[in-house]
Each structure stands twice: as structure tokens, then as C-alpha cells.
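To start, the structure itself, in C-alpha cells.
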Amino acid sequence: MSNNIESLQKEDRIFSPSPEFSATAHIKSMEEYETLHAQSIADPEAFWADQASSLTWQKPWDTVLDWSDAPFARWFDGGKINAAENCLDRHVAAGKGDNIAIHWVGEPGDTRDVTFSELLTDTCRFANALKARGIKPGDRVLIYMPMVPEAAVAMLACARIGAVHSVVFGGFSATSIKDRLEDSEATAIITADGGWRRGSVVPLKANVDEALESYDAVESVFVLKRCENEITMTDGRDVWWHEVTADVSEDCPPEGFDAEHPLFILYTSGSTGKPKGILHTTGGYMTGTATTFKYIFDHQPDDIYWCTADVGWITGHSYIVYGPMANGATQVMYEGAPNQPDWDRFWQIVADYKVTIFYTAPTAIRAFIKAGDHHVEKHDLSSLRLLGTVGEPINPEAWMWYHEKIGGGRCPIVDTWWQTETGGIMITPLPGATPLKPGTATRPFLGIDAAILDETGEECGPNEGGKLVIRKPWPSMLRTIYKDPERFKETYWNEYEGIYLAGDGARTDDDGYFWIVGRLDDVLNVSGHRLGTAEVESALVSHDAVAEAAVVGRPHDIKGQAVVAFVTLKEGIDHGDDLAAELRNHVGTEIGAIAKPDDIRFAQALPKTRSGKIMRRLLKEIVSGGEVKGDTTTLEDFNVVASLQKED
Ligand code: WT7
């Protein structure tokens with residue numbers, strides 16, 4: 001195994017769940033976990049069928065899993081289900097309509113509490129408004145919204161009528177919207193005039209308008225009034241949310257769709273080309289997210305749960321909308337930035353709403369550490385009983401700070417490993433059972449057969465680095481890459497026959513705990529978000545001045561990885577003083593602010609192999625501050641590396 005995925009991390013601290021926590025937890029001990037896990041792996045279909053039966057099905061399934069056309073899985077075939085009914089109607093029918101579904105906090109300080117009954121009514125009205133504009137089952141609807149309850153309503157309304165939503169993160173640019181419109185062939189967009197972020201208005205509707213200048217298949221744009229910023233409405237195409245929902249019926253019976261009916265497409269970066277449209281379907285995804293939410297967050301009726309993700313990412317889909325809502329959870333939703341107006345905003349909200357379960361990203365934790373403990377110490381965080389992290393490996397120091405400063409030393413931390421593709425959490429502690437070690441996502445969830453394999457397909461021994469795989473299908477797995485089944489097979493199923501390749505390097509320790517080392521492909525993880533180096537490169541090369549670009553990551557204190565771009569310019573162009581800033585903005589316009597390179601290094605040439613491939617490994621070594629040590633025998637011209645190093 002190549003040594004770049006060896007991990008030398010050593011961690012001896014162990015934190016076992018308190019007897020009080022375990023006593024009321026859904027899974028109470030490691031023995032119980034071991035037994036259940038062994039059973040679930042021996043017969044995953046029995047385990048998942050049992051979990052699926054906690055959902056409301058309009059027609060029961062005929063087969064639990066059809067894997068005959070692998071890797072194209074069919075779960076719960078023959079069953080009919082409505083995702084929105086499972087998130088809303090059944091709780092109202094069970095007498096929980098007055099329970100709060102969402103305690104919402106706007107960035108400027110406005111607040112709203114929405115009950116399950118209200119959320120159901122809003123969803124039905126909006127679903128009827130979608131229908132009135134001709135949107136039918138299977139139609140793709142792009143959602144580009146701020147973090148307001150209507151973002152969830154928009155998703156649930158699509159699900160209710162069988163339309164396939166594709167949520168685009170509000171930080172992405174007009175070009176990114178256009179790319180996703182083209183790929184998904186969406187015919188409708190749900191957006192808002194604007195959303196609040198760091199004290200300013202993000203011009204969501206204006207970005208949509210710009211995207212629509214070069215895409216004309218959109219027949220309807222639904223616009224929520226949020227910020228009252230000035231926007232233009234195009235007659236016949238654009239309609240106000242409050243107008244189209246004003247006099248529609250609130251009766252919209254939830255039609256049962258096939259278990260394999262597409263629920264949503266979510267785009268995520270890959271190592272080559274444009275983002276991939278990850279397709280999730282209904283019955284299996286609902287089973288996976290509802291089950292994982294219940295056990296991993298140990299959800300109990302009195303919990304106040306808060307996940308700080310945005311609905312534009314998979315975390316927002318699975319652990320703000322579908323998982324928690326399928327469980328009837330009460331949650332907090334916050335619109336804005338963690339430091340608005342100051343770095344204690346999150347802790348103020350935890351104290352105000354007596355949040356009991358808090359789920360965030362390591363990058364946020366590192367930013368809080370940097371901002372200083374006094375922001376935390378001002379607030380009473382004693383309501384918290386469970387913490388979670390997601391998005392990237394958490395460094396043990398950040399874990400310890402989170403445990404002590406936020407969790408008061410008493411809250412278990414669930415470090416949850418999963419991906420847009422997996423739909424739900426795959427490797428994770430169970431908080432009432434698993435002894436924790438800072439920095440590891442610990443053990444596979446029930447029904448998940450995770451392993452680490454070497455190049456030959458043999459399972460690695462303890463402390464041996466290899467490739468993280470999932471050996472058996474699971475219900476919330478992606479079904480394909482939208483319109484690109486070949487890329488789906490090639491990306492995930494080609495390395496080992498019938499086995500899902502996650503793209504992460506990992507090792508297990510002597511206790512069988514999984515330590516995730518990071519991506520093995522040319523994908524960066526910036527602030528817990530995936531970013532393809534190829535995507536940033538193609539954005540750079542689309543600028544007139546640029547001849548060639550190579551993008552690599554370097555370690556960054558807060559973001560995990562920072563983006564470094566090596567750029568060569570076209571003949572006769574000088575970079576002057578302003579070009580670096582211009583290129584950064586250009587990438588912002590092409591993709592979104594998250595992709596703007598932290599450093600731009602202008603170079604005379606890029607190091608290439610004799611066959612013309614850019615040698616990224618050398619560039620990575622240069623930006624990591626190291627000397628270039630590795631093998632350079634295939635390098636075309638060593639002077640190139642020498643000059644790149646000199647500019648350091
Ligand atoms: C990639 C997936 C899943 C929602 C957020 C990101 C990395 C994710 C962990 C973790 C170590 C993690 C992996 C994975 N990752 N969670 N707990 N420990 N690494 O979703 O954008 O699909 O990215 O994030 O590298 O492959 P995503």
C-alpha cells in the first residue's frame with residue numbers, strides 16, 4: 001500500500017458513556033451493539049426490513065432487496081410510500097400536531113416556531129401551488145433557498161407530489177446554478193428574494209436570473225419574500241410564494257410512490273469534470289435516514305436537536321429534513337453565520353432553546369477554538385446531552401475542546417463518517433454504547449458492512465492503511481449518477497467486484513475502530529465540503545489570461561485544507577498586481593466563494609511527466625512546505641520544480 005495513506009496517529013484516551021446516558025439509550029452497551037451488528041450483517045435484509053416497517057407504507061413491499069442488476073440496487077420493490085407523509089401527516093395523525101417541528105432563528109434576530117400541523121398545512125398549500133403550475137411526478141425542481149422553514153417546505157412539497165428536488169447551496173454562483181439546471185433539465189426553481197449571511201443580503205433571485213439568461217427550459221420561478229431586497233420579476237415565469245399559496249386548497253393527499261421513485265438529486269464534486277448528480281430514491285433513503293437518526297442521535301421525545309448544516313448539503317437533507325422529521329423531532333434551524341453578530345451566536349441559541357443534541361462540523365469547532373473560550377463561557381450549555389461532528393476527520397485537540405468546553409465533559413460525541421453517496425451515516429459511535437477515542441468515527445452502524453481493503457482486495461490487518469469500502473448494499477445508498485450510469489459504475493464499483501469504493505483512505509486500530517485518513521482522489525475537503533481540484537482548474541482556465549492551472553490542497557488550521565492554485569499565463573500576459581485577485585473572483589463567479597483559491601502562484605511552467613501529466617504530488621509537496629523528495633525520474637524538466645520552490 002502506498003505510504004501516503006498510512007496513518008501514524010496514536011490516541012490512548014478513552015471516554016466511555018456514563019451509566020446514566022446508557023440507561024435510557026436505545027442501544028445500551030457495546031455487547032448489545034456487537035450482537036445486533038453481527039446479526040444485521042449476517043442478514044441485512046431482515047435488519048433493514050424491520051427498520052423500514054416503522055415507516056408508514058401505503059402498500060407493503062414485495063422484495064426487500066433486489067441486487068440482481070448490481071450495482072443498481074432496488075430496495076423495497078413493490079412498496080408504495082410518500083416521504084412527506086412520513087415526515088408530517090403521521091405525526092399529526094398521532095396527536096403530535098402541536099409539537100414544534102422547527103424553532104427557527106433568522107440571522108437578524110427574528111424568530112418563528114412552526115408546529116408539525118403548520119408545516120403540514122404549508123407543505124400541502126405549496127404542493128398544490130406547484131401542481132397548479134403544471135409540475136408533475138418525476139419533474140426536476142431546483143431549490144436555491146436561505147435557511148428558512150420554507151426551504152424544508154419546498155423539499156417536502158416536491159416529495160409530496162413526486163417531483164424530484166435538486167437543492168443548490170445558497171453560496172454557489174449563477175454559473176453553478178446553470179450547470180445544475182442543464183444537467184438535471186429542471187423546469188422549475190424555488191428561491192427567495194435573498195437570504196441573510198454575515199449581515200448582508202445574498203442576492204439569491206438575482207443569481208437565479210443570471211443563470212436563466214443562458215437556460216430557457218424553466219417555466220416557473222417561485223419566489224419567497226425574505227429580505228425585501230429589490231428584485232425583478234419576469235411576467236409569466238416568476239411568481240411570489242405568498243401569492244400562489246394564498247388561495248389554494250390545503251388539502252393535498254399524499255400519493256404513494258414506488259419505493260424506487262427518485263426523491264432527489266444532489267450534486268457533489270468528483271475528481272474529474274463537472275459535479276456528479278447523486279440520485280437518491282424514496283423508500284430506502286427514508287429507511288436509512290430515519291433509522292440512523294434515531295439510534296445515532298439517540299433521539300428521545302423531549303430532545304431539542306440542532307444540526308448547523310445548510311439544506312444545500314447532504315447533511316441538511318438527511319439530518320435536518322428527512323431523518324429528524326421522520327422521527328417527529330423538534331429542532332432548531334438557524335439562518336445565518338456562526339459569528340453574526342459575534343462568535344457566541346451558536347451558544348446563545350443553545351441556551352435560549354435548551355438544545356440537547358448538537359451536530360456540527362470540525363471546521364466550525366476549530367473556528368470557535370480560535371475565537372476564544374470567553375464566547376462559550378458566557379452561556380449556560382447545561383441542556384446539552386449529546387454532540388456530533390461530520391464532514392472531515394476531527395483532530396483530537398479539537399475533539400477534546402468540544403468535549404470539555406461545549407459538552408462540559410459529560411456529553412458523548414458521535415463522530416459520524418458518511419458521504420453524499422451513502423445518504424446516511426455509515427461509521428459512527430452509538431452514544432450509549434461505544435467507548436470513544438478522540439479522532440475516530442469508531443465502528444460501522446448496524447446493517448453496514450464496512451471494511452478496509454488493500455490493492456489486491458484482501459482485508460487489511462489492524463493499523464495497515466487501505467481503501468475504505470462497503471461490502472453489502474444498504475438502503476440509503478445512491479442509486480446512480482443522474483444520466484451517467486457508466487460514471488457511477490466506474491467511480492464506485494470498478495475497483496473491487498460488487499463492493500462500494502468510498503474514495504477514502506483509512507485504517508482500523510486494535511479495537512476494530514475505523515480511522516479515516518482522507519480522500520484518495522483529487523478531491524479536497526475545504527471546511528467539510530468536497531471540492532474537486534479539476535473543477536477549480538477548469539474555472540481558472542476559463543479566464544482569458546490563463547494558459548494552464550493545477551490546483552492542490554495544503555493543510556489549513558481552520559478549514560482543514562486550503563486551495564492553492566499554480567497558474568501559467570498565456571504568452572505576453574503579465575500578472576501585474578491585480579490578476580491574482582481577479583482570478584480568485586473569477587473562480588467565485590464560476591463556482592462559488594467556497595472554491596476561491598487561498599493562494600495563487602504564478603509559474604513559468606508546471607511540472608509534468610514525459611507523457612504530459614501534471615505531477616500533482618510534487619506540487620503538494622511544495623505547498624506543504626516540504627522539499628521535493630519523492631521520485632522525480634519521470635519529470636520532464638527538473639528546473640521547473642526548482643523554480644517553483646524558489647518562489648516559496
Ligand atoms: C467525504 C464526504 C457526509 C456529510 C458531509 C460531507 C469526509 C465526512 C467524515 C468523518 C472523516 C469524513 C470523507 C468523505 N468525511 N465525514 N466523520 N471523518 N472524514 O459529505 O461532501 O459527500 O463528503 O467527507 O472524506 O468521503 P460529502
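For region 228-243, give me each residue that is free of Cβ contacts under 8 Å to residues at least 60 places away in the same chain, β-branched (Val, Ile, Thr) and out of contact with any helix residue (DSSP H, G or I) (no Cβ under 7 Å at 6 or more places or on another chain). Spell out the reasoning first.
Of all residues in region 228-243, those free of Cβ contacts under 8 Å to residues at least 60 places away in the same chain come to 228-238, 240, 242-243.
Subset that is β-branched (Val, Ile, Thr): 231-232, 234.
Scanning region 228-243 gives a single hit, 234.
Restricted to region 580-609, and to residues that are in contact (Cβ under 8 Å) with a residue 24 or more places away in the chain, within 16 Å of residue 550 (Cβ to Cβ) and in a helix (DSSP H, G or I), which residue is nearest to the chain's Cα centre (by Cα)?
Our first condition is that a residue be in contact (Cβ under 8 Å) with a residue 24 or more places away in the chain; within region 580-609, this holds for 582-583, 586-609.
If we keep only those that are within 16 Å of residue 550 (Cβ to Cβ) too, we end up with 583, 587, 595, 597-609.
Subsequent filtering for residues that are in a helix (DSSP H, G or I) retains 583, 587, 595.
Details: 583: 27, 587: 21, 595: 16 Å.
Going through the qualifying residues, I end up with 595.
Of all residues in region 355-366, those that are over 23 Å from residue 299 (Cα atoms) and in a helix (DSSP H, G or I) have Cβ atoms under 8 Å from Cβ atoms of residues that are more than 12 Å from the ligand (Cβ to nearest atom) and of a type in the set (Lys, Arg), 6 or more apart or on another chain, in 363/559.
Just to be sure I understand, how many residues within region 287-313 are within 14 Å of the ligand (Cβ to nearest atom) and farther than 23 Å from residue 107 by Cβ?
If we filter region 287-313 for residues that are within 14 Å of the ligand (Cβ to nearest atom), which is where we start, we get 288-289, 292-293, 296, 307-313.
This time we only want the ones that are farther than 23 Å from residue 107 by Cβ, so: 288-289, 292-293, 296.
Adding up the residues that qualify gives 5.
If you filter region 505-536 down to residues that are acidic (Asp, Glu) and surrounded by fewer than 22 Cβ atoms within 10 Å (Cβ to Cβ), you find that the one that is farthest from residue 308 (Cα to Cα) is 510.
Within region 63-100, can you find the residues that are within 28 Å of the chain's Cα centre (by Cα) and part of a helix (DSSP H, G or I)? Spell out how you get there, then give the answer.
Within region 63-100, the first condition is being within 28 Å of the chain's Cα centre (by Cα), and the residues that meet it are 64-67, 69-77, 79-91, 99-100.
Listed by number, the residues that qualify are 83, 84, 85, 86, 87, 88, 89, 90, 91.
Residue by residue, here is whether (1) buried (at least 23 other Cβ atoms within 10 Å of the Cβ); (2) in contact with a helix residue (DSSP H, G or I) (Cβ under 7 Å, 6 or more places away or on another chain); (3) of a type in the set (A, V, I, L, M); (4) closer than 18 Å to residue 212 by Cα holds:
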residue: 118; (1), (2), (3), (4): no, no, no, no
residue: 125; (1), (2), (3), (4): no, no, no, no
residue: 140; (1), (2), (3), (4): yes, yes, no, yes
residue: 151; (1), (2), (3), (4): yes, no, yes, no
residue: 163; (1), (2), (3), (4): yes, yes, yes, no
residue: 178; (1), (2), (3), (4): no, yes, no, yes
residue: 183; (1), (2), (3), (4): no, no, no, yes
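Collect the residues in region 172-206 that are more than 23 Å from residue 234 (Cα to Cα) and either within 20 Å of the chain's Cα centre (by Cα) or part of a loop (DSSP other than H, G, I, E, B) (or both), keeping them in residue-number order. Selection gives 183, 197, 198, 199. Considering the conditions (1) assigned to a strand (DSSP E or B); (2) of a type in the set (Val, Ile, Thr); (3) touching a helix residue (DSSP H, G or I) at 6+ places or on another chain (Cβ under 6 Å), residue 221 is excluded by exactly one of them, (3).
Identify all residues within region 400-434 that are within 11 Å of the ligand (Cβ to nearest atom) and of a type in the set (A, V, I, L, M, F, W, C); write none if there are none. Break it down into steps so the answer makes sense when it comes.
Kept after step one, since they are within 11 Å of the ligand (Cβ to nearest atom), are these residues of region 400-434: 413-429.
Those that are within 11 Å of the ligand (Cβ to nearest atom) and of a type in the set (A, V, I, L, M, F, W, C): 413, 414, 417, 418, 425, 426, 427.
Among residues that are in contact (Cβ under 8 Å) with a residue 60 or more places away in the chain, touching a helix residue (DSSP H, G or I) at 6+ places or on another chain (Cβ under 9 Å), in a loop (DSSP other than H, G, I, E, B) and not basic (Lys, Arg), residue 342 is not included. Of the strands (runs of 3 or more DSSP E) lying entirely inside region 224-327, those carrying at least 2 residues that are under 30 Å from residue 533 (Cα atoms) and not polar (S, T, N, Q) are 262-268, 276-281.
Go through region 344-366 and give me each residue that's away from the ligand (no atom under 16 Å from the Cβ) and within 23 Å of residue 169 (Cβ to Cβ). Give the derivation first.
Step one: filter region 344-366 for residues away from the ligand (no atom under 16 Å from the Cβ), giving 344-357.
Across region 344-366, the qualifying residues are 345, 346, 349.
I'd like to check something: does region 374-393 contain any residue that is part of a helix (DSSP H, G or I), within 16 Å of the ligand (Cβ to nearest atom) and surrounded by fewer than 20 Cβ atoms within 10 Å (Cβ to Cβ)? Looking through region 374-393, none of the residues is part of a helix (DSSP H, G or I), within 16 Å of the ligand (Cβ to nearest atom) and surrounded by fewer than 20 Cβ atoms within 10 Å (Cβ to Cβ).
Being touching a strand residue (DSSP E or B) at 6+ places or on another chain (Cβ under 6 Å), at negative phi, modelled with pLDDT of 95 or more and not charged (D, E, K, R), is that true of even one residue in region 10-32? Within region 10-32, one or more residues are touching a strand residue (DSSP E or B) at 6+ places or on another chain (Cβ under 6 Å), at negative phi, modelled with pLDDT of 95 or more and not charged (D, E, K, R). A single entry from 284, 273, 316 fulfils the requirement of being within 16 Å of the ligand (Cβ to nearest atom) and either of a type in the set (D, E, K, R) or closer than 30 Å to residue 523 by Cα (or both): 316.
Sort through 424, 439, 447 and tell me the only one that's of a type in the set (Gly, Ala, Ser), within 22 Å of residue 270 (Cβ to Cβ) and not in a strand (DSSP E or B).
Working: 439 fails: within 22 Å of residue 270 (Cβ to Cβ); 447 fails: within 22 Å of residue 270 (Cβ to Cβ).
One residue alone meets the criteria, 424.
Where strands (runs of 3 or more DSSP E) fall entirely within region 456-571, those with at least 3 residues that are touching a Leu at 6+ places or on another chain (Cβ under 9 Å) and not hydrophobic (A, V, I, L, M, F, W, C) are at 500-508, 560-569.
Being on the phi > 0 side of the Ramachandran plot, at pLDDT 95 or above and within 16 Å of the ligand (Cβ to nearest atom) holds for only one residue in 503, 466, 518, and it is 503. Just one of the numbered conditions (1) within 23 Å of residue 156 (Cβ to Cβ); (2) in contact (Cβ under 8 Å) with a residue 24 or more places away in the chain is not true of residue 48: (1).
The values are calculated or read from the model by the stated rules, or taken from the named source; none is laboratory data. Everything numeric here is computed off the predicted structure, so don't read it as measured data. Quick reminder, even Gly has a Cβ in these numbers, built from the backbone with ideal geometry, and neighbours come from all protein chains shown.
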